[in-house]
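Everything below concerns the one structure shown next.
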Amino acid sequence: MAQTISIHSYRGGTGKSNTSANLAVLLARAGNRVGVVDTDIHSPGIHVVFGRAPSSFQRSLNDFLWGRCPVEEAAYDVTTTAIGQAAAEDDHGPRIFLIPSSIKTGEIARILREGYDVARLNDGFRELIRVLRLDFLLIDTHPGVNEETLLSIAISDAFVLILRPDQQDFQGTAVTLELARKLDVRKILIVINKIPPAMDRELLRQQVEDAYRAPVVGMLPLSHEMAELASGGLFVNRFPQHPLTRELSNVVAAIQDGSVGST
Amino acid sequence: MSSLAISLELLEAHQGHPVQSWEFASDETVVIGRARESNVVIGNPYVSRTHACLRVNDGRWELSSTSSHGVIVDGRRRDFVVISDGTEFRLGGQGPWIRIRWKTSESDEESQTITFDPVRTPLLVLDPDQLADEVEEITEGDFFERLTELATRLKKSSDP
Ligand SMILES: Nc1ncnc2c1ncn2[C@@H]1O[C@H](COP(=O)(O)OP(=O)(O)OP(=O)(O)O)[C@@H](O)[C@H]1O
Ligand SMILES: [Mg+2]
(Lines give C-alpha, C1' and ligand atoms only; values in the text may rest on other atoms or scores of the structure.)
(Ligands and ions follow the chains in the order given, each with its own letter.)
Protein backbone atom coordinates (compact mmCIF):
# COMPACT_ATOMS: atom_id res chain seq x y z
CA MET A 1 0.00 0.00 0.00
CA ALA A 2 1.24 3.44 -0.88
CA GLN A 3 2.04 5.87 1.91
CA THR A 4 1.11 9.53 1.69
CA ILE A 5 3.41 11.73 3.73
CA SER A 6 2.99 15.43 4.30
CA ILE A 7 5.99 17.52 5.21
CA HIS A 8 5.20 20.63 7.13
CA SER A 9 6.53 23.40 9.34
CA TYR A 10 4.85 26.11 11.36
CA ARG A 11 7.15 28.76 9.92
CA GLY A 12 8.50 29.41 6.44
CA GLY A 13 12.08 28.76 5.50
CA THR A 14 12.43 25.86 7.90
CA GLY A 15 13.61 23.40 5.27
CA LYS A 16 10.45 21.64 4.05
CA SER A 17 11.26 21.76 0.36
CA ASN A 18 14.87 20.69 0.67
CA THR A 19 13.92 17.94 3.10
CA SER A 20 11.07 16.70 0.89
CA ALA A 21 13.25 16.56 -2.21
CA ASN A 22 16.12 14.80 -0.46
CA LEU A 23 13.81 12.31 1.23
CA ALA A 24 12.37 11.55 -2.20
CA VAL A 25 15.85 10.78 -3.49
CA LEU A 26 16.68 8.50 -0.59
CA LEU A 27 13.35 6.69 -0.87
CA ALA A 28 13.87 6.20 -4.60
CA ARG A 29 17.40 4.96 -4.09
CA ALA A 30 15.90 2.31 -1.83
CA GLY A 31 13.98 1.09 -4.87
CA ASN A 32 10.69 2.95 -4.48
CA ARG A 33 8.48 4.82 -6.90
CA VAL A 34 8.03 8.26 -5.38
CA GLY A 35 5.84 11.24 -6.21
CA VAL A 36 6.51 14.72 -4.83
CA VAL A 37 3.70 17.25 -4.94
CA ASP A 38 4.29 20.93 -4.35
CA THR A 39 1.13 22.02 -2.55
CA ASP A 40 2.79 25.24 -1.45
CA ILE A 41 0.75 26.97 -4.11
CA HIS A 42 1.32 30.38 -2.53
CA SER A 43 5.09 30.18 -2.81
CA PRO A 44 6.18 27.17 -4.84
CA GLY A 45 9.82 26.20 -4.74
CA ILE A 46 10.65 22.53 -4.72
CA HIS A 47 11.23 22.36 -8.50
CA VAL A 48 14.35 24.48 -7.92
CA VAL A 49 15.85 21.81 -5.66
CA PHE A 50 15.34 19.30 -8.47
CA GLY A 51 17.14 21.67 -10.81
CA ARG A 52 14.14 22.30 -13.03
CA ALA A 53 13.27 25.63 -14.59
CA PRO A 54 9.56 26.49 -14.38
CA SER A 55 9.58 26.95 -18.16
CA SER A 56 10.27 23.22 -18.55
CA PHE A 57 6.78 22.43 -17.23
CA GLN A 58 3.80 22.74 -19.52
CA ARG A 59 1.40 21.75 -16.75
CA SER A 60 1.21 22.27 -13.03
CA LEU A 61 -0.89 21.20 -10.07
CA ASN A 62 -2.91 24.38 -10.59
CA ASP A 63 -4.08 23.14 -13.99
CA PHE A 64 -5.40 20.00 -12.39
CA LEU A 65 -7.10 21.89 -9.56
CA TRP A 66 -8.89 24.12 -12.06
CA GLY A 67 -9.96 21.09 -14.09
CA ARG A 68 -7.75 21.83 -17.07
CA CYS A 69 -6.00 18.45 -17.17
CA PRO A 70 -5.78 15.07 -15.49
CA VAL A 71 -3.31 15.14 -12.63
CA GLU A 72 -0.78 12.79 -14.22
CA GLU A 73 -0.28 15.31 -17.01
CA ALA A 74 1.26 17.60 -14.41
CA ALA A 75 3.67 14.88 -13.25
CA TYR A 76 7.25 15.16 -14.52
CA ASP A 77 9.70 12.30 -14.38
CA VAL A 78 12.87 13.67 -12.75
CA THR A 79 14.50 10.29 -12.15
CA THR A 80 17.56 10.94 -14.30
CA THR A 81 18.58 14.17 -12.60
CA ALA A 82 17.63 12.91 -9.17
CA ILE A 83 19.11 9.43 -9.04
CA GLY A 84 20.85 8.93 -12.37
CA GLN A 85 20.57 7.56 -15.85
CA ALA A 86 20.98 3.89 -14.96
CA ALA A 87 17.98 3.86 -12.65
CA ALA A 88 15.92 5.80 -15.16
CA GLU A 89 16.67 3.30 -17.93
CA ASP A 90 15.64 0.30 -15.88
CA ASP A 91 11.96 -0.26 -16.65
CA HIS A 92 11.44 -1.89 -13.30
CA GLY A 93 13.63 0.60 -11.48
CA PRO A 94 12.62 3.31 -9.05
CA ARG A 95 11.12 6.59 -10.21
CA ILE A 96 10.71 10.11 -8.97
CA PHE A 97 7.88 12.24 -10.29
CA LEU A 98 7.54 15.90 -9.52
CA ILE A 99 4.18 17.63 -9.59
CA PRO A 100 5.07 21.34 -9.53
CA SER A 101 2.92 24.32 -8.65
CA SER A 102 2.70 27.23 -10.99
CA ILE A 103 4.93 30.21 -10.30
CA LYS A 104 2.80 32.48 -12.48
CA THR A 105 1.52 35.35 -10.38
CA GLY A 106 -1.91 35.14 -11.98
CA GLU A 107 -2.27 31.52 -10.94
CA ILE A 108 -1.07 32.24 -7.43
CA ALA A 109 -3.41 35.21 -7.10
CA ARG A 110 -6.32 33.04 -8.14
CA ILE A 111 -5.55 30.49 -5.44
CA LEU A 112 -5.28 33.21 -2.83
CA ARG A 113 -8.59 34.64 -3.96
CA GLU A 114 -10.60 31.49 -4.42
CA GLY A 115 -8.83 28.82 -2.42
CA TYR A 116 -9.08 25.35 -3.89
CA ASP A 117 -11.17 22.28 -3.55
CA VAL A 118 -9.37 19.98 -1.17
CA ALA A 119 -11.58 17.06 -2.12
CA ARG A 120 -10.29 17.44 -5.64
CA LEU A 121 -6.73 17.59 -4.36
CA ASN A 122 -7.36 14.37 -2.47
CA ASP A 123 -8.67 12.75 -5.67
CA GLY A 124 -5.52 13.94 -7.42
CA PHE A 125 -3.31 12.26 -4.82
CA ARG A 126 -5.16 8.99 -5.26
CA GLU A 127 -4.95 9.20 -9.02
CA LEU A 128 -1.22 9.86 -8.87
CA ILE A 129 -0.70 6.84 -6.65
CA ARG A 130 -2.75 4.66 -8.95
CA VAL A 131 -1.61 5.83 -12.38
CA LEU A 132 2.07 6.24 -11.51
CA ARG A 133 2.03 3.12 -9.29
CA LEU A 134 3.64 5.01 -6.43
CA ASP A 135 4.99 3.56 -3.22
CA PHE A 136 5.29 6.97 -1.61
CA LEU A 137 3.64 10.30 -2.22
CA LEU A 138 5.37 13.22 -0.51
CA ILE A 139 3.47 16.45 -0.03
CA ASP A 140 5.47 19.65 0.40
CA THR A 141 3.13 22.07 2.17
CA HIS A 142 2.64 25.76 2.78
CA PRO A 143 3.84 26.89 6.22
CA GLY A 144 1.37 27.83 8.93
CA VAL A 145 -2.10 26.67 9.69
CA ASN A 146 -4.67 27.00 6.95
CA GLU A 147 -7.57 24.87 5.84
CA GLU A 148 -5.91 23.29 2.81
CA THR A 149 -2.78 22.40 4.69
CA LEU A 150 -4.72 20.97 7.62
CA LEU A 151 -6.64 18.76 5.23
CA SER A 152 -3.52 17.60 3.44
CA ILE A 153 -2.18 16.65 6.83
CA ALA A 154 -5.40 14.95 7.85
CA ILE A 155 -5.52 12.68 4.82
CA SER A 156 -1.84 11.68 5.09
CA ASP A 157 -0.62 8.41 6.52
CA ALA A 158 2.35 10.09 8.07
CA PHE A 159 3.16 13.63 9.07
CA VAL A 160 6.71 14.93 9.13
CA LEU A 161 6.82 18.10 11.20
CA ILE A 162 9.99 20.18 10.89
CA LEU A 163 11.08 22.84 13.32
CA ARG A 164 14.15 24.84 14.18
CA PRO A 165 15.57 24.83 17.72
CA ASP A 166 14.05 28.20 18.47
CA GLN A 167 11.55 29.15 21.12
CA GLN A 168 8.97 30.70 18.81
CA ASP A 169 9.06 27.74 16.46
CA PHE A 170 8.72 25.49 19.45
CA GLN A 171 5.46 26.96 20.71
CA GLY A 172 3.91 27.36 17.27
CA THR A 173 4.85 23.85 16.20
CA ALA A 174 3.19 22.47 19.31
CA VAL A 175 -0.10 23.97 18.16
CA THR A 176 0.19 22.33 14.74
CA LEU A 177 1.05 19.06 16.41
CA GLU A 178 -2.04 19.17 18.63
CA LEU A 179 -4.22 19.94 15.61
CA ALA A 180 -2.72 16.97 13.74
CA ARG A 181 -3.55 14.76 16.71
CA LYS A 182 -7.12 16.02 16.77
CA LEU A 183 -7.30 15.24 13.05
CA ASP A 184 -6.33 11.69 13.94
CA VAL A 185 -2.98 11.57 12.15
CA ARG A 186 -1.45 8.36 13.42
CA LYS A 187 2.17 8.61 12.52
CA ILE A 188 3.81 11.86 13.56
CA LEU A 189 7.54 12.25 13.04
CA ILE A 190 9.49 15.24 14.28
CA VAL A 191 12.54 16.57 12.45
CA ILE A 192 14.70 19.35 13.88
CA ASN A 193 16.58 21.35 11.26
CA LYS A 194 19.31 24.00 11.32
CA ILE A 195 20.79 22.89 14.62
CA PRO A 196 23.78 25.15 15.40
CA PRO A 197 27.07 23.24 15.62
CA ALA A 198 27.62 24.11 19.26
CA MET A 199 24.24 23.01 20.53
CA ASP A 200 23.82 20.06 22.87
CA ARG A 201 21.92 17.68 20.62
CA GLU A 202 20.88 15.11 23.16
CA LEU A 203 19.44 17.72 25.46
CA LEU A 204 17.62 19.22 22.52
CA ARG A 205 16.12 15.89 21.57
CA GLN A 206 15.00 15.31 25.14
CA GLN A 207 13.37 18.70 25.46
CA VAL A 208 11.45 18.27 22.23
CA GLU A 209 10.39 14.69 22.84
CA ASP A 210 9.32 15.41 26.42
CA ALA A 211 7.24 18.39 25.42
CA TYR A 212 5.77 16.93 22.23
CA ARG A 213 5.42 13.27 23.19
CA ALA A 214 6.43 12.37 19.64
CA PRO A 215 9.63 10.83 18.30
CA VAL A 216 12.40 13.05 16.94
CA VAL A 217 13.55 11.02 13.93
CA GLY A 218 16.06 13.42 12.40
CA MET A 219 18.35 16.10 13.80
CA LEU A 220 19.77 18.04 10.89
CA PRO A 221 22.74 20.30 11.52
CA LEU A 222 22.90 23.84 10.27
CA SER A 223 25.29 23.34 7.41
CA HIS A 224 27.34 25.64 5.20
CA GLU A 225 27.15 23.16 2.43
CA MET A 226 23.35 23.26 2.53
CA ALA A 227 23.29 27.05 2.80
CA GLU A 228 25.80 27.36 -0.03
CA LEU A 229 23.77 25.05 -2.20
CA ALA A 230 20.96 27.58 -1.75
CA SER A 231 18.38 25.00 -2.84
CA GLY A 232 20.24 24.71 -6.16
CA GLY A 233 20.69 20.96 -5.98
CA LEU A 234 20.09 17.75 -4.12
CA PHE A 235 22.16 17.68 -0.98
CA VAL A 236 22.25 13.90 -0.48
CA ASN A 237 23.74 13.49 -3.96
CA ARG A 238 26.39 16.14 -3.50
CA PHE A 239 27.34 15.22 0.04
CA PRO A 240 26.64 11.51 0.51
CA GLN A 241 28.88 11.23 3.59
CA HIS A 242 27.71 14.38 5.34
CA PRO A 243 26.11 14.09 8.81
CA LEU A 244 23.05 15.83 7.42
CA THR A 245 22.65 13.06 4.84
CA ARG A 246 22.96 10.46 7.58
CA GLU A 247 20.25 12.17 9.57
CA LEU A 248 17.99 12.24 6.51
CA SER A 249 18.54 8.50 6.15
CA ASN A 250 17.27 8.10 9.70
CA VAL A 251 14.13 9.97 8.71
CA VAL A 252 13.68 7.63 5.77
CA ALA A 253 14.11 4.63 8.05
CA ALA A 254 11.42 6.00 10.35
CA ILE A 255 9.09 6.60 7.42
CA GLN A 256 9.59 3.06 6.17
CA ASP A 257 9.25 1.59 9.62
CA GLY A 258 5.60 0.72 10.00
CA SER A 259 5.67 0.77 13.75
CA VAL A 260 6.97 4.25 14.63
CA GLY A 261 4.39 6.38 16.34
CA SER A 262 1.59 4.07 15.30
CA THR A 263 0.20 3.60 18.79
CA MET B 1 39.12 44.82 25.50
CA SER B 2 41.14 47.22 23.39
CA SER B 3 39.40 49.41 20.90
CA LEU B 4 40.76 47.32 18.04
CA ALA B 5 39.21 44.09 19.20
CA ILE B 6 37.16 42.31 16.58
CA SER B 7 34.74 39.49 16.27
CA LEU B 8 34.59 37.12 13.34
CA GLU B 9 31.24 35.70 12.42
CA LEU B 10 30.86 32.63 10.29
CA LEU B 11 27.68 33.19 8.27
CA GLU B 12 25.10 30.64 7.13
CA ALA B 13 25.04 32.41 3.74
CA HIS B 14 26.12 35.67 2.15
CA GLN B 15 24.71 38.42 4.37
CA GLY B 16 23.11 35.66 6.38
CA HIS B 17 22.91 34.90 10.06
CA PRO B 18 26.02 34.03 12.00
CA VAL B 19 26.32 30.39 12.98
CA GLN B 20 29.47 30.74 15.03
CA SER B 21 31.66 33.59 16.23
CA TRP B 22 35.11 34.27 17.63
CA GLU B 23 36.66 37.30 19.34
CA PHE B 24 40.20 38.54 19.10
CA ALA B 25 42.22 41.37 20.57
CA SER B 26 44.44 43.62 18.47
CA ASP B 27 47.68 41.95 19.52
CA GLU B 28 46.66 38.60 18.11
CA THR B 29 47.41 37.11 14.74
CA VAL B 30 44.41 35.21 13.59
CA VAL B 31 44.87 32.25 11.30
CA ILE B 32 41.75 31.02 9.53
CA GLY B 33 41.75 27.55 8.02
CA ARG B 34 40.72 23.96 8.02
CA ALA B 35 43.78 22.88 10.04
CA ARG B 36 43.11 22.14 13.70
CA GLU B 37 45.86 24.52 14.80
CA SER B 38 44.15 27.51 13.23
CA ASN B 39 42.69 30.16 15.53
CA VAL B 40 39.50 29.94 13.55
CA VAL B 41 38.94 26.35 12.51
CA ILE B 42 36.44 25.90 9.69
CA GLY B 43 35.76 22.33 8.72
CA ASN B 44 34.66 23.01 5.19
CA PRO B 45 36.10 21.18 2.18
CA TYR B 46 36.44 24.43 0.23
CA VAL B 47 38.62 25.97 2.91
CA SER B 48 42.39 25.49 2.65
CA ARG B 49 44.36 24.16 5.59
CA THR B 50 45.58 27.68 6.26
CA HIS B 51 43.43 29.93 4.19
CA ALA B 52 43.84 33.47 5.44
CA CYS B 53 45.43 35.51 8.13
CA LEU B 54 44.27 38.62 10.01
CA ARG B 55 46.58 40.93 11.90
CA VAL B 56 46.87 44.52 13.02
CA ASN B 57 49.40 46.64 11.22
CA ASP B 58 49.68 50.41 11.59
CA GLY B 59 46.53 50.49 13.68
CA ARG B 60 44.34 48.73 11.16
CA TRP B 61 43.28 45.15 10.61
CA GLU B 62 44.64 43.55 7.45
CA LEU B 63 43.46 40.38 5.86
CA SER B 64 45.83 38.42 3.67
CA SER B 65 45.12 35.24 1.84
CA THR B 66 47.50 32.35 2.29
CA SER B 67 45.53 30.07 0.00
CA SER B 68 45.71 29.60 -3.75
CA HIS B 69 41.93 30.08 -3.70
CA GLY B 70 42.26 33.60 -2.28
CA VAL B 71 39.50 35.49 -0.52
CA ILE B 72 36.57 37.16 -2.23
CA VAL B 73 35.61 40.68 -1.18
CA ASP B 74 32.89 42.65 -2.93
CA GLY B 75 32.77 40.06 -5.64
CA ARG B 76 36.49 40.29 -6.41
CA ARG B 77 39.29 37.90 -5.69
CA ARG B 78 41.86 39.48 -3.41
CA ASP B 79 45.07 38.45 -1.77
CA PHE B 80 45.23 41.40 0.57
CA VAL B 81 42.61 43.75 1.93
CA VAL B 82 42.18 46.25 4.77
CA ILE B 83 39.19 45.36 6.91
CA SER B 84 36.55 47.71 8.20
CA ASP B 85 33.58 47.15 10.46
CA GLY B 86 31.05 44.95 8.69
CA THR B 87 33.41 43.70 5.97
CA GLU B 88 32.24 40.38 4.58
CA PHE B 89 34.58 38.05 2.78
CA ARG B 90 34.41 34.61 1.36
CA LEU B 91 37.07 31.95 1.67
CA GLY B 92 37.66 31.12 -1.99
CA GLY B 93 35.04 31.06 -4.69
CA GLN B 94 33.10 28.20 -3.12
CA GLY B 95 33.76 28.52 0.58
CA PRO B 96 31.82 30.01 3.49
CA TRP B 97 31.31 33.69 4.25
CA ILE B 98 32.79 35.52 7.19
CA ARG B 99 31.86 38.91 8.59
CA ILE B 100 34.07 41.12 10.72
CA ARG B 101 32.68 43.30 13.49
CA TRP B 102 34.44 45.94 15.53
CA LYS B 103 34.10 45.27 19.21
CA THR B 104 33.72 48.72 20.74
CA SER B 105 34.08 48.29 24.50
CA GLU B 106 30.68 49.37 25.85
CA SER B 107 29.14 49.24 22.48
CA ASP B 108 25.57 49.51 21.32
CA GLU B 109 26.88 47.05 18.75
CA GLU B 110 26.05 44.38 21.33
CA SER B 111 22.36 44.93 21.06
CA GLN B 112 22.53 44.58 17.31
CA THR B 113 24.19 41.22 17.41
CA ILE B 114 21.94 40.03 20.20
CA THR B 115 19.96 37.88 17.77
CA PHE B 116 23.07 35.77 17.57
CA ASP B 117 23.85 33.83 20.67
CA PRO B 118 26.12 30.87 20.35
CA VAL B 119 23.71 28.78 22.41
CA ARG B 120 25.12 25.61 23.74
CA THR B 121 22.23 24.58 25.87
CA PRO B 122 18.88 24.64 24.14
CA LEU B 123 16.15 26.03 26.29
CA LEU B 124 12.84 25.27 24.74
CA VAL B 125 9.87 25.67 26.99
CA LEU B 126 6.27 25.14 26.20
CA ASP B 127 3.64 27.36 27.72
CA PRO B 128 0.81 24.85 28.20
CA ASP B 129 -1.87 27.47 28.85
CA GLN B 130 -1.01 29.40 25.75
CA LEU B 131 -0.95 26.15 23.80
CA ALA B 132 -4.38 25.13 25.09
CA ASP B 133 -5.77 28.59 24.30
CA GLU B 134 -4.42 28.63 20.77
CA VAL B 135 -5.58 25.12 20.00
CA GLU B 136 -9.01 25.90 21.41
CA GLU B 137 -9.27 29.07 19.39
CA ILE B 138 -8.80 27.07 16.21
CA THR B 139 -10.87 24.04 17.13
CA GLU B 140 -13.86 25.48 18.98
CA GLY B 141 -15.85 26.84 16.03
CA ASP B 142 -17.64 24.85 13.39
CA PHE B 143 -14.73 25.50 11.00
CA PHE B 144 -12.74 22.75 12.61
CA GLU B 145 -15.74 20.48 12.96
CA ARG B 146 -16.44 20.73 9.23
CA LEU B 147 -12.79 20.14 8.53
CA THR B 148 -12.73 17.00 10.66
CA GLU B 149 -15.84 15.67 8.98
CA LEU B 150 -14.46 16.31 5.53
CA ALA B 151 -11.16 14.68 6.46
CA THR B 152 -12.95 11.62 7.79
CA ARG B 153 -15.04 11.36 4.66
CA LEU B 154 -12.03 11.75 2.36
CA LYS B 155 -10.08 9.17 4.32
CA LYS B 156 -12.95 6.68 4.12
CA SER B 157 -13.32 7.14 0.40
CA SER B 158 -9.57 6.60 -0.01
CA ASP B 159 -9.69 3.23 1.71
CA PRO B 160 -9.81 0.44 -0.81
N1 LIG C 1 20.31 22.35 7.55
C2 LIG C 1 20.44 23.50 6.87
N3 LIG C 1 21.56 24.25 6.99
C4 LIG C 1 21.68 25.41 6.32
N5 LIG C 1 20.77 25.91 5.49
C6 LIG C 1 19.62 25.23 5.33
C7 LIG C 1 19.39 23.98 6.01
N8 LIG C 1 18.16 23.52 5.63
C9 LIG C 1 17.67 24.43 4.76
N10 LIG C 1 18.53 25.45 4.58
C11 LIG C 1 18.34 26.64 3.73
O12 LIG C 1 17.20 27.33 4.21
C13 LIG C 1 16.46 27.88 3.12
C14 LIG C 1 15.00 27.45 3.21
O15 LIG C 1 14.91 26.06 2.92
P16 LIG C 1 13.62 25.45 2.20
O17 LIG C 1 13.27 26.24 0.99
O18 LIG C 1 13.83 24.00 2.05
O19 LIG C 1 12.55 25.74 3.33
P20 LIG C 1 10.97 25.74 3.22
O21 LIG C 1 10.49 25.37 4.58
O22 LIG C 1 10.52 24.91 2.09
O23 LIG C 1 10.68 27.26 2.93
P24 LIG C 1 9.30 27.91 2.45
O25 LIG C 1 8.45 27.97 3.68
O26 LIG C 1 9.72 29.24 1.97
O27 LIG C 1 8.73 27.00 1.40
C28 LIG C 1 17.16 27.44 1.86
O29 LIG C 1 17.96 28.49 1.40
C30 LIG C 1 18.02 26.28 2.30
O31 LIG C 1 19.20 26.18 1.53
MG1 LIG D 1 9.20 25.35 0.44
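Brief remarks on what is shown
- Average beta-carbon neighbours from other chains, 10 Å sphere, peptide B:9-22: 3
- Length, then width, then depth: along the principal axes, the Cα atoms of chain A run 50, 42, 35 Å.
- For the peptide A:201-207, the mean number of other protein chain Cβ atoms found within 10 angstrom of a residue's Cβ is 3.
- Summed over both chains, the area buried between A and B is near 3400 Å², taken from the accessible surface of protein heavy atoms with a 1.4 Å probe.
- When peptides B:70-76, A:197-203 are sorted by average Cβ neighbour count within 10 Å, with the highest value leading, the order is B:70-76, A:197-203.
- Springs between Cα atoms under 10 Å define the GNM used for chain A, and in it the highest mean-square fluctuation of A:ASN193, A:ASN18, A:ASN237 occurs at A:ASN237.
- Helix B:128-139 and the longest principal axis of the Cα set of chain B meet at an angle near 50°.
- Average beta-carbon neighbours from other chains, 10 Å sphere, peptide B:145-156: 5
- Space enclosed by the convex hull of the alpha-carbon atoms of segment A:4-43, per residue, Å³: 68 Å³
- Each residue of segment B:9-25 was assigned a 3J(HN,Hα) from its phi angle through the Karplus curve 6.51 cos²θ - 1.76 cosθ + 1.60 (θ = phi - 60°); the sequence is 10, 7, 9, 6, 6, 3, 6, x, 6, x, 10, 7, 9, 9, 10, 9, 8 Hz, with glycine and proline shown as x.
- For the pair segment B:1-80 / segment A:81-111, the C-alpha centres are spaced 41 Å from each other.
- Whole-percent carbon and sulfur share, accessible surface of segment A:60-125, 1.4 Å: 49 percent
- Peptides ranked, highest mean first, by Cβ atoms within 10 Å: ranges A:209-221, B:20-32: A:209-221, B:20-32
- Greater than 21 Å apart at Cα, pairs in A:LYS16/B:LYS155; A:LYS16/B:LYS156; A:LYS182/B:LYS155; A:LYS187/B:LYS155; A:LYS182/B:LYS156: A:LYS16/B:LYS155; A:LYS16/B:LYS156
The values are calculated or read from the model by the stated rules, or taken from the named source; none is laboratory data. Keep in mind the model is a prediction, meaning the values are calculated, not measured. For neighbour counting, all protein chains shown are included, and Cβ atoms are generated from backbone atoms with ideal geometry for every residue, glycine included. SASA here: full protein model, heavy atoms, side chains in, ligands and nucleic acids out. Shrake-Rupley method; radii C 1.70, N 1.55, O 1.52, S 1.80 Å.
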